[in-house]
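So the structure is just underneath, and the comments pick up after that.
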Amino acid sequence: MERSVLISEAITTGKNAPYNLRMIRKNPEIMLQGKVGDAEAYLNNMIRIAKLEMKNDRRLGQSQLRTHLKSLVVSILSDAPRKSKEVTA
């Protein structure tokens with residue numbers, strides 16, 4: 001499986017995990033005996049992974065936006081003195 005597919009599944013599971021965790025804690029009899037702890041650990045892990053991936057996704061988008069804006073500003077600033085010299089010359 002590709003990493004992007006795994007990440008999207010982890011994010012989806014992580015978003016649904018708090019509800020599932022509450023349901024397991026309220027109704028432990030719906031789970032197999034002895035599997036409640038494993039299920040809680042799995043759901044907590046999915047929540048953690050989803051938070052990390054969403055944080056990484058935001059960082060990536062912000063850094064690309066920052067780089068793009070920086071290059072635009074540099075091109076505008078480097079172009080401005082040239083235009084003013086052309087007008088006065």
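The values are calculated or read from the model by the stated rules, or taken from the named source; none is laboratory data. These figures come from a predicted structure and were not determined experimentally.
Tabulated data
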| read-out | value |
| --- | --- |
| Selection count where residues are over 20 Å from the mean Cα position of the chain (by Cα) and of a type in the set (Lys, Arg), scope the stretch 1-55 | 4 |
| Hits in the stretch 1-42 (condition: hydrophobic (A, V, I, L, M, F, W, C) and modelled with pLDDT of 85 or more) | 17, 21, 23, 24, 36, 39, 41 |
